[in-house]
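Asker: Have a look at this one before I ask anything.
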Amino acid sequence: MIANFFIPELNNHDVQELWFQQDGATCPTARTTIDLLKDTFGDRLISRFGPVNWPPRSCDLTPLDYFLWVYVKSLVYADKPQTLDHLEDNIRRVIADIRPQMENQPWQSYARNHI
């Protein structure tokens, strides 16, 4: 998925300064995956085995885990894609619809619920 979809999709956009963050899950941290990500992102890779070590339970990075990925996943799988092409189309559509204003959403939710 990373080599056949994600990286080619990135190449369709101007993302030279993009950082890639991944958690410590076993499959995505396989040596071949990490090597591919290092080749693609260089020093802009936050990962368990990357140039920038992934800090578990970081208050700065976990909003992606607790908000953005949950949000993206709920929309990507809403119509229960049955083929890889359908899944990839859904991913493209959902990611394209994310707006910069959404970056404040996790903090606003936290403030409403905890302050």
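The values are calculated or read from the model by the stated rules, or taken from the named source; none is laboratory data. Since the structure is predicted, the reported quantities are computational estimates derived from the model, not experimental observations. Because the Cβ atoms are built from the backbone with ideal geometry, glycine has one as well, and the counts that use them run over all protein chains shown.
Asker: From the list G24, G50, exactly one residue is modelled with pLDDT of 75 or more, among the small types (G, A, S) and surrounded by 12 or more Cβ atoms within 10 Å (Cβ to Cβ). Which is it?
Answerer: That would be G50, the only listed residue that is modelled with pLDDT of 75 or more, among the small types (G, A, S) and surrounded by 12 or more Cβ atoms within 10 Å (Cβ to Cβ).
Asker: Anything in segment 67-97 that is loosely packed, with under 13 Cβ neighbours inside 10 Å, among the hydrophobic types (A, V, I, L, M, F, W, C) and more than 14 Å from the chain's Cα centre (by Cα)? List them, or say none.
Answerer: Those that are loosely packed, with under 13 Cβ neighbours inside 10 Å, among the hydrophobic types (A, V, I, L, M, F, W, C) and more than 14 Å from the chain's Cα centre (by Cα): A78, L84.
Asker: From the list T32, T40, which residue is at pLDDT 80 or above, of a type outside the set (A, V, I, L, M, F, W, C) and over 26 Å from M102 (Cβ atoms)?
Answerer: T32
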